[in-house]
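First comes the structure, then the notes that go with it.
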Amino acid sequence: MAETKYIFVTGGVASSLGKGIISSSIGKLLQARGYSVTIQKFDPYINIDPGTLNPYEHGECYVTVDGHEADLDLGHYVRFLGIQTTKANNITTGRIYKSVIDKERHGDYLGKTIQVIPHITDEIKRNMKLLGSKYGFDFVITEIGGTVGDIESLPYLESIRQMKWELGKNAVCVHLTYVPYLAAAGELKTKPTQHSVKELQAAGIQPDVLVLRTEHELSANLKKKVALFCNVDEKAVVQSEDVSSIYEVPIKMQEQNLDGVILQKMGLPVGETPKLESWRNFLERRRKAKSSVKIGLVGKYDLQDAYKSILEAISQAATYNDRKADIHFINSELLTEENVEQELKEMNGVIICPGFGQRGIEGKFVALKYCRTHDVPTLGICLGMQCMAIEFARNVLGLADANSKEMNEKTPYNIIDIMEEQKSITNMGGTMRLGAYECLIQPGTKAFSAYGKEHIQERHRHRYEFNNEYINAFEKAGMKCSGTNPETGLVEVIEIPALKWFVGVQFHPEYSSTVITPHPLFLSFIKASLT
Ligand code: GLN
């Protein structure tokens, strides 16, 4: 395609309606038609990136291959489309302002007064077009965080208005709203949607497509009414009803011809509807799976979004093992020697989650000791792997106060230590060991049988590392180092060969698991949990 087409996805009425899933579904459907597609998210907050945000504020932090700490919606884009995302796929207001202010200090504006319009909006537009102009994608889908009507969204809306004006048919706006059901009146209400569209129109944007989130089927009449009141074609009003799995959404959107409508609006041929075979096979396998695999997730954040990519990776791997994923969150802060058996005895497998800081750490050791001594298949991720090493040092090597320097600066046995280059860092944002690094896997190990190859690359997000001074003692006592960074010698994977499946990884495999290509480590972990 000669010119890149831009699709903007905005949201109204309420947050958490699933703009990320709708954006991903549109992307999936266009990709299935042979177009090259990427998706980017613009977040209207002042933080430079979500790296420093507490997971309670903002859910998980997704890490891209190039080491950017990004919004969790990027995880959805990757899981749905199997694309690679980078720093350019997630922009915040903080980054926009920083770049404008840096240019101002540099003297680039030649004495002009710097204003939201045009300087901030120009910088937003430049970023909105960046991926399209640099890589020539057929479609760039831009999701705008927050809801229409928020003060901080205004510069983004103005930028969309201008882009639509400049690009004509090459830009469309898809607006996602909510149609509440008032139980007392027994009615679905369209007024919030009408107001939200009015808000967009006040910003000069006429939405081309409306996606209505609803818990109940919407009648043709209701959609007709919304179309009429909002100046939108009737066939461009689609519903997004609650479904059992987010992965059903592209199918539901395709049934209502959402992609066809978008193509028509952009003056492109609609042609045949793609079959989405591998996607449908995945869904079919998921529906057919009768028995389940019980996985205990030991972590401290009592919030689903904090472990989003891990949850999805488990669920994908369970599907490919023909099982339903039955995931139990186990709060590590509440886990003790007294209740651990009660909490874990039913689990087929256990994952020890990533994390930061002291809170809830002792519970992770308790869980690990139980799993190790009862041969429960266990996967430790990042901090989870570090805890695996510490528990082993304390209870097998007899190094009672073994710890990570992160938790106890004065530990006599610094099994996990800070990297030399991290010691002088005082700036917390974007300064961890981030992004994809090489790892060499040793043949004949559990890790090798999972990956089926020696050279892998996985993403990192941490400051602390396994202390190589302890490798010999660990290996002698039965914990093997099965993966290392070939350049630095840093330990990447540890495992206990004598156990059924007890593997810890310093990296985050969950970020690269997708619907069509589930992650080998999760597949192997779930498989082991079934035996
Ligand atoms: N807190 C640990 C570190 O910084 C682990 C981080 C993580 O689990 N992502 O090394």
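The values are calculated or read from the model by the stated rules, or taken from the named source; none is laboratory data. Quantities reported herein were computed from a predicted structural model and do not represent experimental measurements. Methodologically, a virtual Cβ is constructed for each residue, glycine included, from the backbone with ideal geometry; neighbour enumeration extends over all protein chains shown. Areas reflect the complete protein model, heavy atoms only, side chains present, ligands, DNA and RNA absent. Shrake-Rupley method; radii C 1.70, N 1.55, O 1.52, S 1.80 Å.
General observations
- Candidates are the residues of the stretch 367-381 that are open to solvent by 10 Å² or more (accessible area, probe 1.4 Å) and either touching an Asp or Glu at 6+ places or on another chain (Cβ under 9 Å) or within 15 Å of the ligand (Cβ to nearest atom) (or both); the one that is nearest to HIS519 (Cα to Cα) is ARG372.
- Residues being polar (S, T, N, Q) and in contact (Cβ under 8 Å) with a residue 40 or more places away in the chain - total across the stretch 68-122: 6
- When LYS300, LYS364 are screened for being charged (D, E, K, R), within 16 Å of the ligand (Cβ to nearest atom), open to solvent by less than 60 Å² (accessible area, probe 1.4 Å) and at pLDDT below 95, only LYS300 passes.
- Pairing residues of the stretch 315-329 that are among the hydrophobic types (A, V, I, L, M, F, W, C) with residues that are open to solvent by less than 30 Å² (accessible area, probe 1.4 Å) and not in a helix (DSSP H, G or I), at Cβ distances under 6 Å and at least 6 apart in sequence or on separate chains, gives ALA317/PRO518; ALA318/VAL293; ILE327/ILE295; ILE327/LEU297; PHE329/LEU297.
- Restricting the first member to the stretch 510-531 and to residues that are over 15 Å from GLN457 (Cβ atoms), and the second to residues that are crowded, with 22+ Cβ neighbours inside 10 Å and of a type in the set (Lys, Arg), the beta-carbon pairs closer than 6 Å and six or more apart or on different chains are THR514/ARG79; VAL515/ARG79.
- Selected residue (criterion: farthest from LEU379 (Cα to Cα)) from residues of the stretch 272-293 that are touching a helix residue (DSSP H, G or I) at 6+ places or on another chain (Cβ under 8 Å) and either in contact (Cβ under 8 Å) with a residue 40 or more places away in the chain or assigned to a loop (DSSP other than H, G, I, E, B) (or both): THR273
- Within the stretch 155-164, not a single residue is open to solvent by 50 Å² or more (accessible area, probe 1.4 Å) and over 15 Å from VAL9 (Cα atoms).
- One residue from VAL148, VAL78, VAL140, VAL100 being in a loop (DSSP other than H, G, I, E, B) and open to solvent by less than 40 Å² (accessible area, probe 1.4 Å): VAL148
- Single residue of the stretch 215-270 satisfying the filter (in a helix (DSSP H, G or I) and of a type in the set (Asp, Glu)) that is nearest to THR190 (Cα to Cα): GLU234
- Positions within the stretch 15-33 being among the polar types (S, T, N, Q) and either crowded, with 24+ Cβ neighbours inside 10 Å or in a helix (DSSP H, G or I) (or both), in sequence order: SER23, SER24, SER25, GLN31
- Test: residue in the stretch 352-361 that is modelled with pLDDT under 95, within 16 Å of the ligand (Cβ to nearest atom) and in contact with a Ser or Thr (Cβ under 7 Å, 6 or more places away or on another chain): yes
- Pick from the stretch 462-477, criterion touching a residue at least 60 places away in the same chain (Cβ under 8 Å) and open to solvent by 30 Å² or more (accessible area, probe 1.4 Å), ranking: nearest to the ligand (Cβ to nearest atom): TYR464
- Once the stretch 393-444 is narrowed to residues that are β-branched (Val, Ile, Thr), within 29 Å of the chain's Cα centre (by Cα) and crowded, with 19+ Cβ neighbours inside 10 Å, the residue that is nearest to the ligand (Cβ to nearest atom) is ILE416.
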